[in-house]
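The values are calculated or read from the model by the stated rules, or taken from the named source; none is laboratory data. The structure displayed is predicted, hence computed values, not measured ones. Note that each Cβ is placed from the backbone with ideal geometry, even for glycine, and that neighbours are counted across all protein chains shown.
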Amino acid sequence: MDHAVLKRIILEQHEAIKGMHIIPREVDMDEKCNRILVGIRRAGKTTMLYQLVQRLVMNGIDWHQVIYINFEDERLDGFTTDDFNDILAVKSELTEKEGWFFFDEIQNVPLWEKFCRRLADLKMHVFVTGNNARMLSREMESTLGGRYLSTLVFPYSFREYLNAEGIPHDEDDLLMTASSARIVKALDGYLHFGGFPENIGHAGKREYVSSVYRKVLEGDIITRQGIRNPVSLRLLVKKLAESVKDTISYNRIASALKGIGVNMNTQTAIDYLSYMEDAYLVFPIRNWFSPFSEKESVRKHYFMDTGILSLFLLDKDPVLLENAVAVELYRRHPVNLEEAVSFIKSAKTGLDIDFYLPGEQTLIQVSYNLEGDSRDREVNALVKAGKLMPGVSRFIIITFNESGRIRAGNTEIEVLPAWKWFLEE
């Protein structure tokens, strides 16, 4: 690595951060703790680092103490483990004061975790981003020696989306007809184009989402995992998108693809889904009532951003709404999703519930509207579940824009418009 080029990259990055207008995210990072930020590509991890750098400088840190390196810079192609020491050499040239190190998308450099461990042992301040779930694996945590906190960064929440769009949404705004109408309209855009921060104000929103999807698929899955048959992967993603509301097993995925002429065995389906989860393209929800043998093999999968899901669907607003609710539940339970959020589907009892939050004893059904037989279907499902699960204390139906309360026997059900539920504290 050319020492002068590395130094130039760091100094140029200072200028880029200085001129960046940043809309603060809801995740507040303690600058005293070393941290790893992970999440789907373009979720806003880099911007969160910029936000932290600006705050540090505002509080008295000198720019020369900031060593910010984006490893996706093409000038760093060929950067190896041996080049890490050059980073420390550049820092020593810039300042003798303590350093604040920011490493963006470092996951492709071999042994990055050992270098970051060494910096932490030297009492340096280190912040790392990546788009691979393996950065949070137990093996990685062992190498890092417990010296880093981890944060999963999602695309914008609906609240952050409204902030970025400049749409007021305090309590008074929710009560005013004109303001609430803007919020409802924004929700429609949020469902169809997702929450990638850079897509706010973008003229070609669908094209932008499509470009992010291609980068995730080609860069974070196909290239990284060395997939030799990318067509089969693309068809699997499409099949998964068409099955978002349904339970789906590895065997069923493989069989469905064989039915359209794709030669895929069950193990390949398992591997491909694992790669998609590692890249934060999708995430699974488990069935609360599944036998142990099926908890991992028969699940629902949701997309990390509804904008990507909408690329595969036409006139499927109910599916987008359920996916958005799943993402929000994941956002509220990023550390323990497996224990905190499940769905319920039982052939034996006939139960079919979209989401169950055992820690909150809450059942949630998602229905775009309650027209026709939708109302009876959703209400009856919750009433039946309440009788079979006497510990449940809260029953919710989330709709696009309907609200109210339904009393059915001893069961009281809240009907909440999605925008209001998304804005709950």
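Filtering region 374-388 for residues that are surrounded by fewer than 16 Cβ atoms within 10 Å (Cβ to Cβ) and within 25 Å of S157 (Cβ to Cβ) leaves an empty set. Tallying residues that are touching a helix residue (DSSP H, G or I) at 6+ places or on another chain (Cβ under 9 Å), under 17 Å from L191 (Cβ atoms) and assigned to a loop (DSSP other than H, G, I, E, B) within region 375-425 yields 3. Checked against the criterion of being surrounded by 14 or more Cβ atoms within 10 Å (Cβ to Cβ), within 15 Å of the chain's Cα centre (by Cα) and under 19 Å from D278 (Cα atoms), region 160-167 has no qualifying residue. The set of residues in region 87-114 being touching a Ser or Thr at 6+ places or on another chain (Cβ under 8 Å), β-branched (V, I, T) and over 16 Å from Y148 (Cβ atoms) consists of V109 alone. Count of region 382-425 residues, restricted to those that are touching a residue at least 12 places away in the same chain (Cβ under 8 Å) and closer than 17 Å to N369 by Cα, is 21. Does any residue of region 394-403 turn out to be touching a Ser or Thr at 6+ places or on another chain (Cβ under 9 Å), more than 30 Å from I200 (Cβ to Cβ) and of a type outside the set (V, I, T)? Yes, there is a match, as at least one residue in region 394-403 is touching a Ser or Thr at 6+ places or on another chain (Cβ under 9 Å), more than 30 Å from I200 (Cβ to Cβ) and of a type outside the set (V, I, T). With the requirement that a residue be over 19 Å from Q365 (Cα atoms) and either part of a loop (DSSP other than H, G, I, E, B) or free of Cβ contacts under 8 Å to residues at least 60 places away in the same chain (or both), what does region 304-347 give you? Correct list: M304, D305, L311, F312, L313, L314, D315, P334, V335, N336. Taken over region 18-42, the residue count meeting the criterion of being touching a strand residue (DSSP E or B) at 6+ places or on another chain (Cβ under 9 Å) and closer than 16 Å to T129 by Cα is 11. Among the residues of region 352-374, write down those that are over 28 Å from A186 (Cβ atoms) and touching a Ser or Thr at 6+ places or on another chain (Cβ under 6 Å). Matches in region 352-374: Y356, Q361. Listed by position, the helices (runs of 4 or more DSSP H) inside region 95-203 whose residues that are modelled with pLDDT under 85 and farther than 23 Å from I17 by Cβ number at least 3 are 138-144, 171-175, 177-193.
Taking the numbered list (1) modelled with pLDDT under 95; (2) surrounded by 13 or more Cβ atoms within 10 Å (Cβ to Cβ) in turn, D77 passes all entries but (2). Scanning region 308-318 for residues that are under 18 Å from L236 (Cα atoms) and touching a Leu at 6+ places or on another chain (Cβ under 9 Å) returns I308, L309, S310, F312, L313. Within region 310-326, not a single residue is of a type in the set (S, T, Y) and surrounded by fewer than 19 Cβ atoms within 10 Å (Cβ to Cβ). Please specify each residue of region 2-39 satisfying the condition of being under 28 Å from E165 (Cα atoms) and assigned to a helix (DSSP H, G or I). Result: Q13, H14, E15, A16, I17, K18.
In region 230-250, is there at least one residue being farther than 26 Å from A347 by Cα, of a type in the set (V, I, T) and at pLDDT below 95? Among the residues of region 230-250, at least one is farther than 26 Å from A347 by Cα, of a type in the set (V, I, T) and at pLDDT below 95, which makes the answer yes.
Taking the listed residues K114, K185, the one that is surrounded by fewer than 17 Cβ atoms within 10 Å (Cβ to Cβ) and within 30 Å of A89 (Cα to Cα) is K114, with no other qualifying.
Take the residues of region 365-374 that are hydroxyl-bearing (S, T, Y) and in a loop (DSSP other than H, G, I, E, B): which is farthest from D317 (Cα to Cα)?
Only one residue fits best here, namely S367.
Taking region 40-73 as the range and being assigned to a loop (DSSP other than H, G, I, E, B), among the charged types (D, E, K, R) and free of Cβ contacts under 8 Å to residues at least 40 places away in the same chain as the test, the residues that pass are D62, E72. From the list V244, V231, V282, V209, pick out the single residue that is over 22 Å from the mean Cα position of the chain (by Cα) and in the same structural domain as K300 (by TED's automatic domain parsing). Of V244, V231, V282, V209, the one residue that is over 22 Å from the mean Cα position of the chain (by Cα) and in the same structural domain as K300 (by TED's automatic domain parsing) is V231.
Scanning region 395-414 for residues that are surrounded by fewer than 20 Cβ atoms within 10 Å (Cβ to Cβ) and more than 26 Å from the chain's Cα centre (by Cα) yields E402, S403, G404, R405, I406, R407, A408, G409, N410, T411, E412, E414. For the criterion of being closer than 16 Å to K18 by Cβ and either over 29 Å from the mean Cα position of the chain (by Cα) or among the basic types (K, R) (or both), R55 passes. Applying the set (1) more than 29 Å from E294 (Cα to Cα); (2) crowded, with 20+ Cβ neighbours inside 10 Å to D354 leaves exactly one unmet item: (1).
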